[in-house]
Amino acid sequence: MSRGNLTYPFSAVMGEITAKRALMCLLADDRLNGVLIKGPSGTAKSVLVRSMTALTDRSIVDLPAGTGDEDIFGGIDFERAVKDGSSVMKGGILSRADGNILCIDNINLLDPRTLNSIMGSLSSGTVKIEREGISAEYPCSASVVATMDPLERDLPESVADRFDICVSMTVETDAVKRGDVVASVLDFDRDPESFARRFVGDDAEVRHKIECARSLIPSIKVTRRDIQDIVTICTKMNAVGHRGDLACARVARALCALDGRDRITADDIRDASVMCLLHRRKPKLKSKTKGDASVTSDDVPDAEISDDDMDISNTEIAKLTKMSADEGLDVQKEIERVEAMQPETSADMTQTQQDDPDPETSDTDDAAIPDVDVLTMVLDEVRNDLAEIDRIESIRLNSVVGHIPRGVNSSNRNGRASGFRIPEGRTSDPALGATIRAAAPYQKTRRSNGLSITIVPDDIRENIRTKQSSCSFLFAVDVSGSLVNTGALDEAIKGVRAMLEDGYVRRDRVALLTFGQNIINLAVPFTRNVENVFESLRRTVTGGSTPLGEALLTINKYMTNYVRKNPDEKCFIILITDAEADRPVVEGYEPWAELKRIAAIMKIPNTEWILIDNGKKYRRINYAKRLADILSARYLVLDDLTGRFDEKE
């Protein structure tokens, strides 16, 4: 948000303390590899990013959506090529970003291949260009800040992992605070200069804090104890790889410096973990089933968890220490003592005391054994903070069906030009810019024939186009009496509504089928009007038996016809049930035995099944898991969709 040369003041952005601190950390430590800000449209993500101009002398360089590779990385200088036939490299946006802040709005809408190249160049500090007879490279040392709306499209994990920090901005729900936001923006619109002057002092104070932190960071030591705590938290939160560990260490150090301290505290580690692990956690894998009942570590009483489960291997710590040596984390001298650093029993403590008879004169910061009580408290706080973010972000379709490919190559001129290639034979879709650039270096040796530029067949390039693919989702919801009595149906309906909101943003087709009350009801055939599905869910009649076998036959018939008419459509069937069928299709048959035979014949082309189990957590036989295996369906528990990263309730 800006008016002329004035941007909305950083200190005037209400709330969003975590996002503000993340940006301050980025400005305080050049070693941090970027900040990713997630949130729905209209939550002031871009406003906050652009307000950073008051906190630094560096410029903000924008990378707009839809920018081509040549504009981003650079390429041949067309004017020089036409003028004197020389192949000279001309830098792109990344060249201008060197030494500044690169801002990428809606980063998830950019081509994944381009994103990987951008982040790789920023990580290495060098942009390499190999195209059209040019082989060149130039330095690019830039801080990157990116924004995205998760409902529009997911960001590839390989790209997200390159951001040290990820924070989530949410919609304000308090009526008074929303009113304050509106009043503040109206004041800025009415008189931007007067409004900005009110916050000059506050922004100057934040800038001074950042400058002090920059000078303080080199003197802050990340001790061995700090590393032990960080690695423990990252492992317990299922963070894959070492980037999360290193990011937590750097961010904890930056937070400490911003507070003007020279020692990292448990609060620093907690806050850093929330910032650095939001986008790095992996859902816990289910353990082997026992009696067909899915068992996770959540189901194991605390008394049955051994002390060894809290240990972090010395190998992991040694790796982190080695990787951190070049980053200013002063722990190199402790490598030799790794073997003495395991959380120990009293016997271990005795041995340690024998090796170091005078602990008062040793480096107690590095040699200290982690305080288990403090570490457990910090771990619980990190877990709770991340779980709260998960609940706010709610259920999304990608959490349910996995990765949904959204871009496919187009075989005609439909779609967005995403690149170019040398055509095989004639082309009806020439890439004009690429063709001219290919021809430019040879103009000095070609006869112009009165033309500004002469093109020969070997110069011609054609566009590579990608088009947005849509998907179709059939929600089949069990509304029988057993689920009504347990309250699971209400949770299932909330989940469907949340997923449908995701589908509304993407403009996918959705359909709704309910079964219960001895009735199979195709409530809403495939449509892009999600409101119809919302209304139908609201009016759904619940109760009665569970005619699951008949529901599967109805799904099979409907979806087979739909796929035949829409062969290019990727289809998903999201079946929400506990699979405890109690009504057969054929009178006299045992319901479950009949259901297994019906499920075995479900062969719908180009369609994937997802079964969401909303049954009781503890039961003698898990019919839903058995049905998922027969259907070759992805199996999820309803609680997993919102609490899938929690270790315990």
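Laid out as a table, the results:
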read-out	value
Qualifying position, being under 31 Å from the mean Cα position of the chain (by Cα), surrounded by 19 or more Cβ atoms within 10 Å (Cβ to Cβ) and not assigned by TED's automatic domain parsing to the domain that holds LEU278, among ILE610, ILE598	ILE610
Residues of segment 10-31 classified as in contact (Cβ under 8 Å) with a residue 40 or more places away in the chain and closer than 27 Å to GLU152 by Cα, total	10
Those residues of segment 578-591 which are closer than 22 Å to ILE610 by Cβ and modelled with pLDDT of 90 or more, in sequence order	none
Residues located in segment 1-43, provided they are surrounded by fewer than 22 Cβ atoms within 10 Å (Cβ to Cβ), within 21 Å of ASP149 (Cα to Cα) and of a type in the set (A, V, I, L, M, F, W, C)	MET1, VAL13, MET14, ILE17
Residue check, PRO584 in the same structural domain as THR514 (by TED's automatic domain parsing), surrounded by 15 or more Cβ atoms within 10 Å (Cβ to Cβ), touching a Lys or Arg at 6+ places or on another chain (Cβ under 7 Å) and not aromatic (Phe, Trp, Tyr)	no
Boolean, ILE72 is within 20 Å of ASP164 (Cα to Cα), out of contact with any strand residue (DSSP E or B) (no Cβ under 8 Å at 6 or more places or on another chain) and at pLDDT below 90	no
Segment 215-264 - residue that is among the hydroxyl-bearing types (Ser, Thr, Tyr) and closer than 21 Å to CYS166 by Cα and, of those, farthest from the chain's Cα centre (by Cα)	THR232
Qualifying residue in segment 173-180 (condition: among the hydrophobic types (A, V, I, L, M, F, W, C), in contact (Cβ under 8 Å) with a residue 60 or more places away in the chain and either surrounded by 13 or more Cβ atoms within 10 Å (Cβ to Cβ) or more than 24 Å from ILE37 (Cβ to Cβ) (or both))	no
Residue match in segment 159-172 (condition: without any contact (Cβ under 8 Å) to a residue 60 or more places away in the chain and either more than 12 Å from the chain's Cα centre (by Cα) or more than 24 Å from PHE10 (Cα to Cα) (or both))	yes
Enumerated helices (runs of 4 or more DSSP H) restricted to segment 166-272, each holding at least 2 residues that are in contact with a strand residue (DSSP E or B) (Cβ under 9 Å, 6 or more places away or on another chain) and outside the structural domain of PRO150 (by TED's automatic domain parsing)	175-190, 192-197, 243-258
Some residue of segment 1-9 being outside any loop (DSSP other than H, G, I, E, B), in contact (Cβ under 8 Å) with a residue 12 or more places away in the chain and in contact with a strand residue (DSSP E or B) (Cβ under 6 Å, 6 or more places away or on another chain)	no
Residue satisfying all of: in segment 424-480; without any contact (Cβ under 8 Å) to a residue 24 or more places away in the chain and acidic (Asp, Glu); surrounded by the fewest Cβ atoms within 10 Å (Cβ to Cβ) among these	GLU424
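Every residue, every condition in (1) β-branched (Val, Ile, Thr); (2) touching a Leu at 6+ places or on another chain (Cβ under 6 Å), yes or no:
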| site | (1), (2) |
| --- | --- |
| THR540 | yes, no |
| GLY549 | no, yes |
| THR554 | yes, no |
| MET559 | no, no |
| PHE572 | no, no |
| THR577 | yes, no |
| PRO584 | no, no |
| GLY588 | no, no |
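The values are calculated or read from the model by the stated rules, or taken from the named source; none is laboratory data. Model, not experiment: these values are computed from the prediction. So basically every Cβ, Gly included, is an ideal-geometry build from the backbone, and we count neighbours across all protein chains shown.
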